[in-house]
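Chemist: The structure under discussion is supplied below as structure tokens; questions concerning it will follow.
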Amino acid sequence: MLCGILFVLYTGMQWEWLPQELGFGSGMTCWRRLRDWNEAGVWQRLHEVLLDELRAAGRLDLSRAVIDSSHVRALKGGPKPGGARPTGAGRAPSTT
């Protein structure tokens with residue numbers, strides 16, 4: 001199942017197109033397993049274990065780490081953006 005899940009996620013193919021000949025099981029079974037494992041927190045725990053092992057081996061380089069809003073929630077909505085700031089005094093001169 002894991003190889004089938006990784007294959008579909010890597011290639012971007014549709015779940016139902018996963019060839020049975022590859023020996024990964026049906027695409028829909030792989031999708032259901034991915035969903036169930038996600039709901040059970042398997043991926044989060046796997047990520048934590050991997051980070052712990054890398055950290056213990058001195059192989060975790062956080063100097064290249066990136067965080068964006070798709071991975072970290074802004075609790076309480078985060079700061080509210082203000083209105084657009086003016087970039088100059090008045091309108092730009094016409095070029096025609």
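All of the numbers you see were taken from the coordinates with simple rules; none came from a lab. Predicted model, so just to flag it, every value in this text is computed and none were measured. Virtual Cβ from ideal backbone geometry, glycine too; neighbours counted across all protein chains shown.
Chemist: Rounded to the nearest 0.05, what FRET efficiency is calculated for Glu21 and Ala57 with R0 set to 30 Å and r the Cβ-Cβ distance?
Modeler: With R0 = 30 Å, the Cβ-Cβ based efficiency is 0.20.
Chemist: Can you tell me which of 8-20, 30-42, 48-60 comes out highest on packing, and rank the rest after it, using the mean Cβ neighbours within 10 Å?
Modeler: 30-42, 8-20, 48-60
Chemist: With each label point set 7 Å from Cα along the Cα-Cβ vector, what nm distance links Arg64 and Met28?
Modeler: 4.1 nm
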